[in-house]
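I have placed the structure first, in the form of structure tokens, so that the comments after it can refer back to it.
The values are calculated or read from the model by the stated rules, or taken from the named source; none is laboratory data. Remember, predicted model here, so these are calculated numbers, not experimental data. Cβ sites come from the backbone with ideal geometry, for glycine too, and all protein chains shown count toward neighbours.
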Amino acid sequence: MGGKAGQLLSARGYGLAGTVGYWWSNHTWFFWHEHGRLYAASLHYFGPGTTALLGRLIHELRPTKQLTRR
């Protein structure tokens with residue numbers, strides 16, 4: 001996802017049913033390791049385009065050292 005290898009946990013829909021914690025069921029999650037650290041990113045489920053958007057957001061992540069002041 002987003003050029004990274006990891007584990008995807010897909011949302012189960014719009015509602016809160018079917019999960020132990022409220023934040024799991026209606027979010028799509030992606031977990032990956034990079035430079036010895038575990039990362040997680042999630043996006044609230046809004047329909048079929050959720051996973052693609054999460055992948056794009058992950059692809060665009062940059063280390064803070066690469067960000068410039070404006």
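Please work out if L38 is loosely packed, with under 12 Cβ neighbours inside 10 Å and either small (G, A, S) or part of a strand (DSSP E or B) (or both). Before the answer, list the steps.
On the way: loosely packed, with under 12 Cβ neighbours inside 10 Å: yes; either small (G, A, S) or part of a strand (DSSP E or B) (or both): yes.
For L38, the condition - loosely packed, with under 12 Cβ neighbours inside 10 Å and either small (G, A, S) or part of a strand (DSSP E or B) (or both) - is met.
Checking the structure you have, find out if any residue of the stretch 22-34 is part of a loop (DSSP other than H, G, I, E, B), exposed (fewer than 15 other Cβ atoms within 10 Å of the Cβ) and at pLDDT below 90.
In the first step, residues of the stretch 22-34 are kept if they are part of a loop (DSSP other than H, G, I, E, B); the result is 26.
Okay, now just the ones that are also exposed (fewer than 15 other Cβ atoms within 10 Å of the Cβ), so none.
Scanning the stretch 22-34 turns up no residue that is part of a loop (DSSP other than H, G, I, E, B), exposed (fewer than 15 other Cβ atoms within 10 Å of the Cβ) and at pLDDT below 90.
Could you tell me how many of the residues in the stretch 49-67 are under 15 Å from L8 (Cα atoms) and assigned to a loop (DSSP other than H, G, I, E, B)? Before you say what the answer is, go through the steps one by one.
Restricting attention to the stretch 49-67, the residues satisfying the condition of being under 15 Å from L8 (Cα atoms) are 49-59.
Remaining after also requiring assigned to a loop (DSSP other than H, G, I, E, B): 49.
The total comes to 1.
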